[in-house]
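Q: Here it is, the structure in full.
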Amino acid sequence: MAESLRLVDRVQHCIDDFLEQKTGELARIAPELVDLTRFSGDLLRGGKRFRALFSYWGWQSVQPAPVGLDAPDPVALDAIVEVCAALELFHAAALVHDDIIDRSDTRRGLPASHRRFEQLHREGAWSGETEQFGLGGGMLLGDLLLAWSDEILLRGLQRLGPARTASARAEFDRMRTEVTVGQYLDILEEAAWMHAPESTLADRAARVVLYKSAKYSVEAPLVIGASLGGGSPEQVQALRDFGIPLGIAFQLRDDLLGVFGDPAVTGKPAGDDLREGKRTVLIALAREALPSGARRLLDEMLGDPDLDDAQVEVIRASLRESGAVAEIERRIEAGLRDALDGLAAAPLSRSARDELRRLGEAVIRREA
């Protein structure tokens, strides 16, 4: 646990140094651009750093002996820390774009990035439409973070030989593609679900879970780290076998928090996913179980941005009564169990397996 905490500090320091450098570069172009790094820094400060941790322990898991952050090989350690930072910048880019798509107002207890650009527009009494300026600024900030994630990734990869970096780079590229198409599948489900056969809705929602979140939250970071550490095909496959069921459980927990999470902990309004009309596995299972009248009411209310707290509570009660919440909890526990069962016999270092077990339990029992 202490090693994980120290890694989080190292990654934060790496991100802070990178943004400080970028602040200087942007300020030389125009002083107004400093808002870009300021907003980025606020978004990237704190957080649970699960992706960085999975990548680091994926790297540790394939070492013949524990390395540690005090090892005499600073080149390899600097490389893995920079790759972890790149994953965090990529995650931040995805959050900025996701908030725009979902029309979210907050992120981690602060205004969402596009709302912060709207605030700049209002305070400056600038011309044009405030909302349009916010959308444009937010999209560009997300794009910039995406470019910066690639830049810092390259810094890390250049410290190591091409044999290890080629497979890590390929996994990173695959991750970016899968997240993007997974995000598209998500908005597709919100728009087109009623035209799909009822019997396919749960599977279609599960497809979104896999590609939008599960793979890039757990599997890809693990494999990127293991690739940098020179992991064998058997070790990489063991990490994939651990990462996929855990990543699915991770997102299912996220879906529950999007409906039932405490705003004081999650940093987002209660029932935010209901107002956004997310067609999650939770919703698909509830619709299968609910009688026709209750299902029609759920369909009518879901996606209404003006839902008040009382209406949110009506939907929550319906989801509980349908048995869908209990089924999601069962699937989360089953996913963790499958992940840990595979990990027990995996050809990985014992210390890393112990840490991955702790991380797995943490990601599905979290409250934010």
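The values are calculated or read from the model by the stated rules, or taken from the named source; none is laboratory data. The model shown is predicted, which means the values in this text are computed figures rather than measured ones. Backbone-built Cβ (ideal geometry, glycine too); neighbour counts: all protein chains shown. Side chains included, ligands, DNA and RNA excluded: accessible areas come from the protein's heavy atoms. Shrake-Rupley method; radii C 1.70, N 1.55, O 1.52, S 1.80 Å.
Q: Residues G225, G258: which one is assigned to a helix (DSSP H, G or I), open to solvent by less than 40 Å² (accessible area, probe 1.4 Å) and touching a Lys or Arg at 6+ places or on another chain (Cβ under 8 Å)?
A: Values: G225 fails: touching a Lys or Arg at 6+ places or on another chain (Cβ under 8 Å).
The conditions single out G258.
Q: Considering E88, E131, E82, which residue is out of contact with any Pro (no Cβ under 7 Å at 6 or more places or on another chain), acidic (D, E) and without any contact (Cβ under 8 Å) to a residue 60 or more places away in the chain? Talk me through it step by step, then tell me what you get.
A: On the way: E88 fails: without any contact (Cβ under 8 Å) to a residue 60 or more places away in the chain; E82 fails: without any contact (Cβ under 8 Å) to a residue 60 or more places away in the chain.
The unique qualifying residue is E131.
Q: Could you run through region 12-67 and say how many residues are among the charged types (D, E, K, R), open to solvent by 50 Å² or more (accessible area, probe 1.4 Å) and in a helix (DSSP H, G or I)?
A: Here is the first cut: in region 12-67, the ones among the charged types (D, E, K, R) are 16-17, 20, 22, 25, 28, 32, 35, 38, 42, 45, 48-49, 51.
From what is left, the residues that are open to solvent by 50 Å² or more (accessible area, probe 1.4 Å) are 16-17, 20, 25, 28, 32, 38, 45, 48.
Retained after the next criterion (residues that are in a helix (DSSP H, G or I)): 16-17, 20, 25, 28, 32, 38.
Matching residues across region 12-67 total 7.
Q: Of (1) at pLDDT below 95; (2) over 25 Å from the mean Cα position of the chain (by Cα), T106 satisfies all except one. Which?
A: (2)
Q: For V236, are the conditions met, namely being among the β-branched types (V, I, T), on the phi < 0 side of the Ramachandran plot and under 20 Å from the mean Cα position of the chain (by Cα)?
A: On the way: among the β-branched types (V, I, T): yes; on the phi < 0 side of the Ramachandran plot: yes; under 20 Å from the mean Cα position of the chain (by Cα): no.
Considered against the rule, which asks whether it is among the β-branched types (V, I, T), on the phi < 0 side of the Ramachandran plot and under 20 Å from the mean Cα position of the chain (by Cα), V236 comes out as no.
Q: Being in a helix (DSSP H, G or I) and among the acidic types (D, E) is the filter; apply it to region 98-149 and report the residue that is nearest to T37 (Cα to Cα).
A: Keep residues of region 98-149 that are in a helix (DSSP H, G or I), which gives 98-102, 113-124, 130-149.
Pick out the ones that are also among the acidic types (D, E) and you get 98-99, 102, 118, 123, 131, 143.
On the way: D98: 19, D99: 18, D102: 23, E118: 16, E123: 19, E131: 21, D143: 13 Å.
Per the stated criteria, the residue is D143.
Q: Report whether or not S322 is surrounded by 14 or more Cβ atoms within 10 Å (Cβ to Cβ), in contact (Cβ under 8 Å) with a residue 40 or more places away in the chain and of a type in the set (S, T, Y).
A: Numbers: surrounded by 14 or more Cβ atoms within 10 Å (Cβ to Cβ): yes; in contact (Cβ under 8 Å) with a residue 40 or more places away in the chain: no; of a type in the set (S, T, Y): yes.
Taking the combined requirement at face value, the residue does not satisfy it.
Q: Could you grab the pairs with beta carbons closer than 6 Å, sequence gap of 6+ or different chains, first residue in region 30-44 and closer than 16 Å to G142 by Cβ, second one open to solvent by 20 Å² or more (accessible area, probe 1.4 Å) and assigned to a helix (DSSP H, G or I)?
A: L33/L26; T37/T23; F39/R116
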